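The values are calculated or read from the model by the stated rules, or taken from the named source; none is laboratory data. Because the structure is a prediction, the values reported are computed rather than measured. FYI the Cβ positions are ideal-geometry reconstructions off the backbone, even for glycines, and counts take in every protein chain you see. Areas reflect the complete protein model, heavy atoms only, side chains present, ligands, DNA and RNA absent. Shrake-Rupley method; radii C 1.70, N 1.55, O 1.52, S 1.80 Å.
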Amino acid sequence: FFDARLETARRDWRTDTNRVYVTGHSNGGGFTYLLWGTRGDSLAAVAPVAAAGGRLLRGAKPCPILHIAGTNDLIVDFKAQERAVEAARKINSTHARVEFVLHDGGHTYPDDAAEKIAAFFKQHARK
């Protein structure tokens, strides 16, 4: 599905293929990790919110990531989110930026998340 949608965007719209980003909340954030792990060559940056997925990164190449998490998340264990960010740090090492933004809430999409994600994405283009 992702490949078909990306191909449609490339074919039908004026698309900068060096600026393809993925983001998602909860299961969508897990899908963000999955896309990084399986389609990372197509992505400029990723931004999962309230998600785990470090185990989905086997074979992933460095890619800038902004992960937003609530320290009181009762749906997606905060420790699992920390492990996902640690996996991202290992993959990215010194090659790509890793930001881990925390808030005191639970399993929510914070009011300022879209603004932070857009600002992060604007800073990154695929090389």
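Side notes on the structure shown:
- Leading residue by the ranking (nearest to Thr108 (Cα to Cα)) among those in region 61-80 that are surrounded by fewer than 23 Cβ atoms within 10 Å (Cβ to Cβ), out of contact with any strand residue (DSSP E or B) (no Cβ under 6 Å at 6 or more places or on another chain) and touching a residue at least 24 places away in the same chain (Cβ under 8 Å): Asp73
- Among the residues of region 18-47, the ones that are outside any helix (DSSP H, G or I) and out of contact with any Leu (no Cβ under 8 Å at 6 or more places or on another chain) come to 7 in all.
- Residue check for Thr15: open to solvent by 60 Å² or more (accessible area, probe 1.4 Å) and without any contact (Cβ under 8 Å) to a residue 24 or more places away in the chain: no
- Qualifying residue in region 8-27 (condition: small (Gly, Ala, Ser), modelled with pLDDT of 95 or more and under 10 Å from the mean Cα position of the chain (by Cα)): yes
- Counted residues, region 61-79 - those being assigned to a loop (DSSP other than H, G, I, E, B) and either over 18 Å from Arg19 (Cα atoms) or basic (Lys, Arg) (or both): 8
- Where a residue in region 83-104 is closer than 19 Å to Ala125 by Cα and its partner, wherever it lies, is of a type in the set (Lys, Arg), with Cβ under 7 Å and at least six apart: Val98/Arg89
- Lys116 of a type outside the set (A, V, I, L, M, F, W, C), open to solvent by 70 Å² or more (accessible area, probe 1.4 Å), under 26 Å from Thr17 (Cβ atoms) and touching a strand residue (DSSP E or B) at 6+ places or on another chain (Cβ under 7 Å): yes
- Applying the criterion of being surrounded by 14 or more Cβ atoms within 10 Å (Cβ to Cβ), in contact with a Lys or Arg (Cβ under 9 Å, 6 or more places away or on another chain) and not aromatic (Phe, Trp, Tyr) to the residues of region 18-36, the residue that is nearest to Arg83 (Cα to Cα) is Val22.
- Residue match in region 46-57 (condition: over 25 Å from Asp112 (Cβ atoms) and buried (at least 19 other Cβ atoms within 10 Å of the Cβ)): yes
- Residues considered: Arg10, Arg39. Of these, the only one that is in contact with a Ser or Thr (Cβ under 7 Å, 6 or more places away or on another chain), open to solvent by 60 Å² or more (accessible area, probe 1.4 Å) and more than 28 Å from Asp111 (Cβ to Cβ) is Arg10.
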